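Below is one structure, written out as structure tokens; the observations come after it.
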Amino acid sequence: MKKLIRRPLNALAPLRRSALALTSGSFAITARKAVDWSPVPTEIDKGIGRAIRVKNLVKEYHTPIGRRRILDDISFEVGEGEKVAVLGRNGAGKSTLIKLISGVETPTSGSIEKSMFMSWPLGFAGGLEGEMTGRDNARFIARLYSKDIGDVLAFVDDFAELGRQIDIAVRNYSSGMRMRLAFALTLAVDFECFLIDEVLSVGDQRFHRKCHDALFVKRKHCSMLLISHDTAIVREFCQKAVILKAGRGRVFADIDLALKIYETL
């Protein structure tokens, strides 16, 4: 499979006049100056190296008003150490895409190949057992992933900052406490690829910074698939972006171009 990678232009001015159009079921860029979208093979395209490969992914739901296709023939890859943004308006299918890749939901058709040790969606509180304490949830994750229980408990206790409340049932936690516990549990495992669904705003400003440093500084070598409306984070840390619109998707290797298009959606 080959990807469409934009070759650099000498001038950026024409990009300001770019618009995102949905033509014959696929994305097309219209600009005063044409963009060369000829396929350029990469090492990942050739099947070299470990990656998360999404191929021709389709997801449909049956609703009271009929069948609804949320994602339609989505294909892209996340290579080792690569950080890929997923951009789109609310309801474009970004969170659904993350759930499919993580295995929380199953696709209608298509395939997802995983050759890296991948996390569940970062901060996914749905995986916590409400009748168990925070401490017992941490013990369970440690056993599940063959991690040292003492190390995991120490990390979670320090990172989540729950204090004595780590020993009460999770069903009694506030939404913020649940998110902090889930965030800490995810980071307690040495994953190679993290799935991040707009959870970097957990807690107060100090905790925001703590989460930011844990992901983008201490784990800068890790791969990430990142949903975020924070364009500054996308521009600083991501090497490419997948833009979703009306169920369709397209990969852009030029982050600045991707963000310009995103702002027009």
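Within region 88-98, identify whether any single residue is surrounded by 12 or more Cβ atoms within 10 Å (Cβ to Cβ), touching a helix residue (DSSP H, G or I) at 6+ places or on another chain (Cβ under 8 Å), part of a strand (DSSP E or B) and modelled with pLDDT of 50 or more, and answer yes or no. Even if it seems obvious, please write down each step before you answer.
First pass over region 88-98, keeping only residues surrounded by 12 or more Cβ atoms within 10 Å (Cβ to Cβ): 88-89, 92-98.
From what's left, touching a helix residue (DSSP H, G or I) at 6+ places or on another chain (Cβ under 8 Å): 88.
Still in the running and part of a strand (DSSP E or B): none.
Taking every residue of region 88-98 in turn, none turns out to be surrounded by 12 or more Cβ atoms within 10 Å (Cβ to Cβ), touching a helix residue (DSSP H, G or I) at 6+ places or on another chain (Cβ under 8 Å), part of a strand (DSSP E or B) and modelled with pLDDT of 50 or more.
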Cross-chain or 6+ apart pairs with Cβ under 9 Å, region 138-161 first and over 24 Å from His212 (Cβ atoms), then of a type in the set (Gly, Ala, Ser) and surrounded by fewer than 17 Cβ atoms within 10 Å (Cβ to Cβ): Ala142/Gly150
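Give region 219-261 a look and list any residue that's touching a residue at least 40 places away in the same chain (Cβ under 8 Å) and either among the charged types (D, E, K, R) or open to solvent by 40 Å² or more (accessible area, probe 1.4 Å) (or both), or say none.
His221, Gln239, Lys240, Lys245, Ala246, Arg248, Arg250, Ala253, Asp254, Asp256, Lys260
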Could you say which residue among Phe191, Phe159 is open to solvent by less than 30 Å² (accessible area, probe 1.4 Å), part of a helix (DSSP H, G or I) and out of contact with any Gly (no Cβ under 8 Å at 6 or more places or on another chain)? Phe159
Number of the exception - Phe216 against (1) under 26 Å from Gly130 (Cα atoms); (2) in contact with a helix residue (DSSP H, G or I) (Cβ under 7 Å, 6 or more places away or on another chain): (1)
Which of the residues that make up region 100-155 are in contact with a Gly (Cβ under 8 Å, 6 or more places away or on another chain) and open to solvent by 60 Å² or more (accessible area, probe 1.4 Å)? Val104
Scanning region 121-153 for residues that are within 22 Å of Asp204 (Cα to Cα) and at pLDDT 95 or above gives Gly134
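The values are calculated or read from the model by the stated rules, or taken from the named source; none is laboratory data. The structure displayed is predicted, hence computed values, not measured ones. Positions of Cβ are generated from backbone atoms using ideal geometry, with glycine treated the same way; all protein chains shown enter the neighbour counts. When the accessible area is computed, the model is the full protein with side chains, heavy atoms only, and any ligands, DNA or RNA have been set aside. Shrake-Rupley method; radii C 1.70, N 1.55, O 1.52, S 1.80 Å.
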